[in-house]
Each structure stands twice: as C-alpha cells, then as structure tokens.
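Accompanying notes for the structure given below.
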Amino acid sequence: MKIHEFQGKQILKSFGVAVPRGETAQDGAGAAAIARKLGGEVIVKAQIHAGGRGKAGGVKIAKTPEEAQAVAEKILGKKLVTIQTGPEGQVVRQVLIEETLPIERELYLGIVIDRVTASPVFMASAAGGVEIEKVAEETPELILRETIRPGAGLEAFQARKLAFGLGLPAGCIQQATAFMMSLYRAFEATDASLAEINPFILAKDGRLLALDAKMTFDDNALFRHEEIGKLRDLAEEDPLEIEATKYGLNYIKLDGTVGCMVNGAGLAMGTMDIIQYAGGSPANFLDVGGGASAEQVRHAFEILLSDRNVRAVLINIFGGIMRCDIVASGVVEAARALDVKIPVVVRLEGTNMEQGQQILQDSKLNFTVANGMKDAAEKVVRLAEEA
C-alpha cells in the first residue's frame, strides 16, 4: 500500500525523523493561510502517489501567500503526468505547503527489502535530488549499501559508516547517525517495504531533514497497523484493482492487450512471460488464488473484461486445490452474463480437467481450448492481433 508524502512525513516525525514544517490544503485560500502561518515564502507540492512531480510542474516555490494561492489553484484539479504515472496521469486533489529551507547539499537515503539476502538494505548516496534508478544505472558506485541483520536492526556503526561515506561534515555525523537509526525504526515498526527520502538535505544551518518522504507497506501486515490502513487513498488507485480486493483477488493492471486469469502467483508470472515470448503483451496480472470459488472466478472474469485494452483473454488454470470444473463453471456463468464478444482461450490442467473441458464444450460459447501453455499463448496472441 502506498501513501502520500505528507502522510509519510507524519509517520517519520513520530519516530524522531526531522521534517520541514508544513500542512496540506485542498484549495487556494487554504494554501495562502498556511503560507502566512509559515512566514510567507513556501514550497507548494502536489500530493499524488508518484515520483517525478517536480519535472511535471507539480512542485513550485511561492514567495508570498498570494502567490501560494495562485500556484495551488493552478496545480489543484490538474492531471499530473510523470514518469511514474504513465500517460493517463493522476489528478491532484491536495497540495502540501511547506517552509522553504536554505539547502547546502542534497543527498539520498532509502531502505528496501533485498530478496536475495532476505534482509533489509539501507542505501545512501551523495547524488540526491534525482531519480535513484538513474543513479543506479549510470553511476552505481555512488550508492552505498549496508545489509541489515533482521534480528539486530540497523547498528550504529553501520549508520556512521554511511554518514562518513556521504562526506558529511564531522559535526553532523552524530546527527546523521541518529537520523538514520530513527528512519530504520520507522521502517521496521510499520512493516514497510520501502522508506525513501530523496532529497535528504543538509541545510546551511547544519540541520539534516527529510525534504521528501516516500513509504510503501506490506499489504499482508496491515492487519497489525489499523492506523496505517486508514491512510489508504482509493482515489489514487486503479478502480479495477480496488474492485479486485473486494473479492480477495490479486490484480495489477498492465498496458498490454491479453487479459490473464491464473491461479497462483508463480503460474501468473510464467503466463505473462510466455505471452511475451509468443509476441504478445499481458494486460494484467490476475491471480485468483489456490482455492477460489465459482463466484470469485466470475468476478475475476468481469474485472478482466472491464479493461477496454483487453482484446483476448487467456485463462490458465492448474487444478490442485482448485478444481478445473469449478473454474469452468465460473467462466461460463460470467461469459453468459456479460455477453462476451472477445475471444477466450482456456488451458485447464489437473483436478477434474476432463469435467472442466466438458463444461466449456457443452456451453456452446466461443471458447478456444488449448493443450499446454505454449499452445495457449500462441493462440491467444494470434486472436488478440486479429481482434
């Protein structure tokens, strides 16, 4: 789950991480009032779940409260298109009004989960203020890394090593160490999957602050964090992904033309790969899980067909816990209810495979039954191209 910058800063502040003074506004008058409270000159920042806001015109400095109002009114309601939103963009519904700070240096701090070592990794870089992906690609030697032992957490010597590696003044090392330790405590205590500060700044007066904050959380741990779950902003999420969560389905929208319905995340990844191998492009990742009911399958099919980019659907089911006849029944029910016009390729393997195939054949609907994944991928890509 993602949250907004201002929400991330509120969480970090509660763990002792220094952040600029600021408040959010939903209209120009509110922005002007906050600017007056902060002393006049402020920075106005669009709040959406995406990076690259500055380059897209979503971050502006305002010299006066009146200018803050004008800037906020120009940004609010605007569809901001950044490198992370895709061409459809995100509508700005609120802005963060913050004090401006005299910046000496812009740095980077981030914590992610390293799947190879099964441990958190604390990253730091002197190249702050730009996309860390660009730094990793062009100058990877500028990214410092410390692997964290889960039982021990970030240790003080690791934080000091990173602080010295950033080239901070000697008088700031203790402050930087405490800052990093607080950031890691926030990451661990909230079951975050990402905590990123870009830029992490050294102000001219010697203070270290989080000028930006990006946090995402492990959905599977939200039952332990009711207060964080309440921060979810549904307006920032894809409507189909929201609909999928209502029925316990794992759905992620992509930009291809072949809709995929699969049981099991591993099989879903393999299905997307083989579609690409066959020359097509997946329109989504949809995992109905190992024990889905016919009703869940029907809802999954409805979600797939709600995507206007989908020109053909591949249903790839390996029947273990989930029976193929249940999948077939759900698909037939949904196809009849929705009056499906696009081609549907079905590959069933495993428990009650024959019964499932018979249900599809008896339905008299336009299903294409495939033999194996390769055959299924080739057929669905061809049908999508012809549609």
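Read-outs: derived from the displayed coordinates by stated rules, not from any lab. None of these values were measured; they are calculated from a predicted model. When we count neighbours, we look across all protein chains shown, and the Cβ atoms used for this are built from the backbone with ideal geometry, even at glycine.
Annotations for the structure displayed:
- Over 23 Å between alpha carbons, listed pairs Lys55/Lys161; Lys253/Lys341; Lys214/Lys246; Lys13/Lys214; Lys2/Lys78; Lys134/Lys204: Lys55/Lys161; Lys214/Lys246; Lys134/Lys204
- In the list (i) 46, 25, 18; (ii) 35, 20, 19; (iii) 33, 27, 20, the label attached to semi-axes √(5λ) of the Cα gyration tensor in Å as derived from the coordinates here is (i).
- Positive minus negative residues near His299 (Lys, Arg vs Asp, Glu; Cβ under 15 Å): -4
- Shown for Thr64, Thr190: other C-beta atoms within 10 Å of each C-beta, ranked fewest to most, produce the order Thr64, Thr190.
- For the chain: relative contact order, % (alpha-carbon pairs under 8 angstrom, 6 or more apart): 12 percent
- Under 11 Å, Cβ to Cβ, from Lys60 - net charge with Lys/Arg +1 and Asp/Glu -1: +3
- Förster radius 41 Å - calculated FRET efficiency between Glu243 and Leu101, Cβ distance, rounded to 0.05: 0.45
- Angle between the chain longest axis and helix 265-277 axis [Cα atoms, degrees, rounded to 10]: 80 degrees
- Within the stretch 312-387, trypsin sites (Lys or Arg not before Pro) in DSSP loop having at most 11 other beta-carbon neighbours inside 10 Å: Lys341, Lys364
- Of the GluC sites (Glu not before Pro) found in the stretch 5-98, those that fall in a DSSP loop while having at most 13 other beta-carbon atoms within 10 Å are Glu88.
- DSSP-defined beta bridges in the stretch 238-386 - what % are antiparallel, rounded to 5: 20 percent
- At R0 = 56 Å, FRET efficiency that the Cβ-Cβ distance of Lys78 and Gln361 yields, to 0.05: 0.60
- Of all DSSP bridge pairs formed entirely within the chain, close to 75 percent run antiparallel.
- The magnitude of the dipole of the chain, with charges of +1 and -1 set on the Cβ of Lys/Arg and Asp/Glu and taken from the Cα centre, is near 700 debye.
- Charge tally in the Cβ shell below 11 Å around Ile48, where Lys, Arg are +1 and Asp, Glu are -1, Ile48 excluded: +3
- Our note on the geometry: Cα centres of the stretch 228-267 and the stretch 118-152, 29 Å apart.
- Loop-located trypsin sites (Lys or Arg not before Pro) in the stretch 111-157 (DSSP state not H, G, I, E or B) with no more than 10 neighbouring Cβ atoms inside 10 Å: Arg115.
- Put a plus charge on the Cβ of each Lys and Arg, a minus charge on the Cβ of each Asp and Glu, and nothing anywhere else: the dipole of the stretch 14-60 about its Cα centre is then about 120 debye.
- For the chain, calculated [θ]222 nm from helices alone, where every DSSP H run of n ≥ 4 adds -39500 (n - 2.57): -11000 deg cm²/dmol
- Annotation for the stretch 70-89 versus the stretch 313-387: alpha-carbon center distance of 41 Å.
- Computed about its Cα centre, the charge dipole of the stretch 73-203 is approximately 160 debye, with only Lys, Arg, Asp and Glu carrying charge at their Cβ.
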